[in-house]
Amino acid sequence: MFDSIAARFTTLFERIKGSSHLSQNQVDSVIEEINDALLSADVPQEVVKAFLHEVTPELKGQKVLKSVKPGEQIVSHVYKKLVSFLGGDSTVIGIPPVSSTIMVMGLQGAGKTTTIGKLARLIIQEKKLNPADIVVGSVDFYRPAAIDQLEIVAKQVGAQFYRAQATDALMAAKEIKAHAVVHRAKYLLLDTAGRLHTDQDLLKELQDITSDIAPERKILILDAMMGQESLNVARTFYTAVGFDGAILTKMDSHTRSGAAFAFYYSLKLPIYYVGVGEKAEDLTSFIPARMAQRMLGMGDVQSLLERADREIKENEKARLEKSLMAGRMTLQDFADQIAMVGRLGSMTQLMQYMPGLSGKVSEQDLKKGEIEIRRFRAIIDSMTLKEKQNKINLDLSRKKRIAAGAGVKVADIDILLDRFEKTQQFVKLFKKFGNIPGFKL
Ligand SMILES: Nc1nc2c(ncn2[C@@H]2O[C@H](COP(=O)(O)OP(=O)(O)OP(=O)(O)O)[C@@H](O)[C@H]2O)c(=O)[nH]1
Ligand SMILES: [Mg+2]
């Protein structure tokens, strides 16, 4: 996500990291580079200026430390400053206590409706709730079909959707709230209408709703692709309606970090989560330190591990571990392993988390890898159970049948079997030597 800025910072820091001495000129050019890198990430000028104002004296005035190289000190100063400009290291409570109403607001297309689905899913998971305990409703009478869209989103995550009889936003909000109260819902998630620009009608509508139903949590949904423009949007919504924090969406696209800087700089309010895709599971916590690390090209292994923990079902993991420990592996296990990787996200998504790799592996190679994985899965899906369990040798006629079923060539099956054979050898080694360092399922 921060390819451009990460690449710039990585080059810059690789150049200076090992130096035992930096001249004032070199420090000046580092400052200039930081300025350019932040501006190119669409961080508003006002924020870049404030950032440099704070970090420059630290960079210029650093003492010569015997144990730390000056380049490393600079990286550390910049890192700490980035973290503080993105929200510091205070803990943000993403989900309010039970019996809360959460209301979202934001411009048209920012991702309000999609985010409601993501939030509902997350709440169900984190609070271990029955999906029916979450009521979702919409007061978006501005865009036709907006309410139907929410109904679909709610169905996907199993939340209870309530359609108000009223066709006026304020009346509908009251009605939805009353429904949630009567049904003793644990959470009410309220979707609202958007507009292309912050217009007075919309703001007035939101004011009326908030003062009437008094949601425990109001969240601004900000499209991160808007970059620095989000500074004005956030200020306008804040002054007119008020909110407790934000969720930044579309951080998966070629987003630059401008929106996150702009938001925290201008309002000093928390960013609860970031949206990293269109699916219900594509919502992750916003952690300033991690974002700063990614901006500096240090990867984000922690996020990846958390995602893995959430997405990989425990029993599946245990079964695979068991078959690995026993030193045998079937094609079915192999397919499961591939599927687990698939659930973690696309290869492109995964690469963003790998330290030092973001931006270094070509888009083309990633696409090739993804196509290959998809092909492998199709092949294994076309096999009979016995074939999957390696109980039958795959002769040519079987291969032809499987190839036809998967829409691939027989040669593709041979590639898969070769790959599988190598994995099996690895599994045997694993068994022989026990826990191979650095290898973890
Ligand atoms: N890539 C990506 N797309 C997203 C994300 N969040 C939302 N979208 C997409 O953005 C588009 C708009 O999302 P909606 O949820 O309909 O936006 P909205 O704010 O409800 O829009 P209105 O109801 O028209 O005001 C949809 O195509 C979503 O799939 C995200 O985090 N990443
Ligand atoms: Mg919507």
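For this structure, a couple of remarks:
- Pairwise centroid distance, computed over Cα atoms, of the stretch 263-279 with the stretch 179-249, Å: 13
- The ranking of L222, L82 from fewest to most other beta carbons within 10 Å of each one's beta carbon is L82, L222.
- Estimated FRET transfer efficiency when R0 is 41 angstrom, pair A404-Q364 (beta carbons, to 0.05): 0.90
- Amide H contacts of L283 (H built 1.01 Å from N, under 5 Å, at least 5 apart or other chain): V276
- Under a 5 Å amide H cut-off, with hydrogens placed 1.01 Å from N, T249 pairs with L222, D223, A224, G275 among residues at least 5 apart or on other chains.
- Remark on S138: its backbone amide H falls under 5 Å from those of A164, D191, a criterion applied only to residues 5 or more positions apart or on other chains, H modelled at 1.01 Å from N.
- Length gained on full extension, M171 to T239: 22.1 nm, using 0.36 nm per residue less the C-alpha separation.
- Contact order relative to length of the stretch 114-193, as percent, for alpha carbon pairs under 8 angstrom and 6 or more apart: 40
- One decimal place: the segment Q149-E421 gains 93.3 nm when fully extended, by the rule 0.36 nm per residue minus the C-alpha distance.
Laboratory data are not the source of any read-out in this text; all were calculated from the coordinates shown. Computed from a prediction, not measured in an experiment: that's the story for all the values here. So basically every Cβ, Gly included, is an ideal-geometry build from the backbone, and we count neighbours across all protein chains shown.
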